[in-house]
């Protein structure tokens, strides 16, 4: 009898939320596999399938039974287990009871030095078919979901109502149920292309059966690849380039089981509206794929991905073209009204828009950001005049009718209106770029004024929200401060900019009214940003000990942090690095016990050992050159030169007693070590590096 079989679990549902389908299916697969592993069952691999109406997993070569186990328990010492007459004591009786047997059934192990009572029990492994129902139930309960639904009297809750359950191990249907739905070996195909039930006789046949008999492409990636092929084919017909994000593509894939792309078109009169409005309408509202010409301008065609292979595709095409017209008309209406208003006129409206109750209105925020932007401009090489003007206009589009209808276009609408108002180009670009990056890894602002405005806006937000005591707690971050802090780091490091972030925070705090006492938030915001360094550099596979070693100095210049981390990574590749780091750790341990304020200068007349003189001589030969390299921020070359200290330092610790009874000698040797430590601390606390 084969001891390995394939397992198929499929949960059939009402239409699942397309935006979350991929992540839900991945979580479902991970949870099922975790429960299987926790049950100590082995398998070779697994495949996850998902469509709008199902979550499924095929686990290949799964053990059909747990291994038998011998469970051995140790009890009290044999000497304490029996009295002088050989009768079991309470210790022995209690141990036997915990094992579910009589004391007479206990045995004594063969340890000659310390014999103890022992109990061995052979535990027969359960059949996998008996474990599967619990595996499914536990996995479903652990699934995270934005919202759960109830749909019957059982009180059961899931992301969407469950309509069928398919569970087979090999060719055997496993007896189980989920939310009052009994498992079978039947699945269902496409809602419109077939109404027949599909019997699955073996897990390996599942995907092919759904495709051939059910008009369902169950594999998410295969379905997406087919969508992309169809999109590219249709786009070429009109010499267009499809415009979409991966998020949109994933959502479209999550909406269909049998994708059929069609080419639609709209009246070219709508092209008078700014393309971002039309693109947003098509992508966000209708899940269409816009098409661009070779110059990046919008074409009057778009691609629809339908969930049905219609016998009359022209009807499907016409229906989608008809739906989009009123949305385009709305966009045109709002845009026509807004573009006739001077953007600056909206400033007065911002006086009545509350930014945060304790921090005032959007107009108040603009005034603070304007002052901070002017301060930052000297570091970003931006025009003070343009920075001030961009800050003044930065939020004016938020009260426009177009942004009220299309909130994702804030900044873009402001940029377009600023161009119409003939504002300076740098000002127009900055109004859009202030919001970059919009997501993790997203593009950064590149114009000097856009960089300045983006930094000023986020730094003001961080100081203000921390000042009123509303910093993020746990997973809650309603003001997006984590994103803001990471964006500040990314902009400064990747632009790059030589900016003292601590000084920027002080300047930002100074623009708040004295009664708020925003200066008290500076240290807290500094610490919060330092914590974001770990996330930023960890995403780039920098070891945590390297990050912590550099952060130990409480750095103030983010770009400097990046340079020091790069230098430290290069230093660790040197042959002498590990020994030198270990010696540095030893130096740090010695200095921990010393009052650094009372450390004097090195007196060569007090040297007693040759190793002291050699170390001091090597250090003196290096000192001025290394200090100069540090001053030029050439950290990597400085550390390479400091590697010459490796052998003199090793010899020093071999031959010299630092903590000598002679206080003068001890103080002089500590001064020598302190001088070495101060050089290394230009870059990092090397004692934090792991070997």
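Below are the figures for this structure:
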item: Test: residue in region 508-518 that is free of Cβ contacts under 8 Å to residues at least 40 places away in the same chain and either outside the structural domain of residue 378 (by TED's automatic domain parsing) or outside any helix (DSSP H, G or I) (or both); result: yes
item: Test result for residue 41, touching a strand residue (DSSP E or B) at 6+ places or on another chain (Cβ under 6 Å) and more than 30 Å from residue 111 (Cβ to Cβ); result: yes
item: Per-region count, region 150-172, residues within 25 Å of residue 254 (Cβ to Cβ) and loosely packed, with under 13 Cβ neighbours inside 10 Å; result: 1
item: Test: residue 5 is outside any loop (DSSP other than H, G, I, E, B), touching a residue at least 40 places away in the same chain (Cβ under 8 Å) and over 19 Å from residue 203 (Cα atoms); result: no
item: Residue within region 232-240 that is in contact with a helix residue (DSSP H, G or I) (Cβ under 9 Å, 6 or more places away or on another chain), in the same structural domain as residue 313 (by TED's automatic domain parsing), touching a residue at least 24 places away in the same chain (Cβ under 8 Å) and under 28 Å from residue 441 (Cβ atoms) present; result: yes
item: Some residue of region 276-289 being assigned by TED's automatic domain parsing to the domain that holds residue 232, surrounded by fewer than 21 Cβ atoms within 10 Å (Cβ to Cβ) and in a loop (DSSP other than H, G, I, E, B); result: yes
item: Only listed residue being under 50 Å from the mean Cα position of the chain (by Cα), not in a strand (DSSP E or B) and not assigned by TED's automatic domain parsing to the domain that holds residue 251, chosen from 60, 98; result: 98
item: Failed criterion for residue 542 (all others in (1) surrounded by 15 or more Cβ atoms within 10 Å (Cβ to Cβ); (2) assigned to a helix (DSSP H, G or I); (3) within 20 Å of the chain's Cα centre (by Cα) hold); result: (2)
item: Odd one out for residue 187, checked against (1) in contact with a strand residue (DSSP E or B) (Cβ under 6 Å, 6 or more places away or on another chain); (2) modelled with pLDDT of 95 or more; (3) surrounded by fewer than 17 Cβ atoms within 10 Å (Cβ to Cβ); result: (3)
item: Residues of region 630-646 satisfying the condition of being part of a helix (DSSP H, G or I) and surrounded by fewer than 19 Cβ atoms within 10 Å (Cβ to Cβ); result: 630, 631, 636, 637, 640, 641, 643, 644
item: Verdict on residue 175 being surrounded by fewer than 17 Cβ atoms within 10 Å (Cβ to Cβ), within 37 Å of the chain's Cα centre (by Cα) and not in a strand (DSSP E or B); result: no
item: Any hit, region 395-407, residues being within 30 Å of residue 498 (Cβ to Cβ), surrounded by fewer than 18 Cβ atoms within 10 Å (Cβ to Cβ) and modelled with pLDDT of 95 or more; result: no
item: Options 387, 428: the member that is touching a helix residue (DSSP H, G or I) at 6+ places or on another chain (Cβ under 7 Å), part of a helix (DSSP H, G or I) and either closer than 24 Å to residue 281 by Cβ or modelled with pLDDT under 95 (or both); result: 428
item: Residue within region 479-486 that is over 25 Å from the mean Cα position of the chain (by Cα) and surrounded by 18 or more Cβ atoms within 10 Å (Cβ to Cβ) present; result: no
item: Subset of region 302-337 (residues that are outside any helix (DSSP H, G or I) and buried (at least 17 other Cβ atoms within 10 Å of the Cβ)); result: 302, 303, 304, 305, 306, 307, 308
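Yes/no per residue for (1) buried (at least 20 other Cβ atoms within 10 Å of the Cβ); (2) modelled with pLDDT of 95 or more:
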{"residue": "2", "(1), (2)": "no, no"}
{"residue": "30", "(1), (2)": "no, yes"}
{"residue": "51", "(1), (2)": "yes, yes"}
{"residue": "66", "(1), (2)": "no, no"}
{"residue": "71", "(1), (2)": "no, no"}
{"residue": "74", "(1), (2)": "no, no"}
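Let's see how each residue does on (1) within 18 Å of residue 29 (Cβ to Cβ); (2) outside any strand (DSSP E or B); (3) at pLDDT 95 or above:
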{"residue": "194", "(1), (2), (3)": "no, yes, no"}
{"residue": "207", "(1), (2), (3)": "yes, yes, yes"}
{"residue": "217", "(1), (2), (3)": "yes, yes, yes"}
{"residue": "223", "(1), (2), (3)": "yes, yes, yes"}
{"residue": "228", "(1), (2), (3)": "no, yes, yes"}
{"residue": "234", "(1), (2), (3)": "no, yes, yes"}
{"residue": "239", "(1), (2), (3)": "no, yes, yes"}
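Results for (1) touching a strand residue (DSSP E or B) at 6+ places or on another chain (Cβ under 6 Å); (2) outside the structural domain of residue 61 (by TED's automatic domain parsing), shown as yes or no for each residue.
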position	(1), (2)
158	no, no
174	yes, no
182	no, no
192	no, no
245	no, yes
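The values are calculated or read from the model by the stated rules, or taken from the named source; none is laboratory data. These figures come from a predicted structure and were not determined experimentally. Cβ sites come from the backbone with ideal geometry, for glycine too, and all protein chains shown count toward neighbours.
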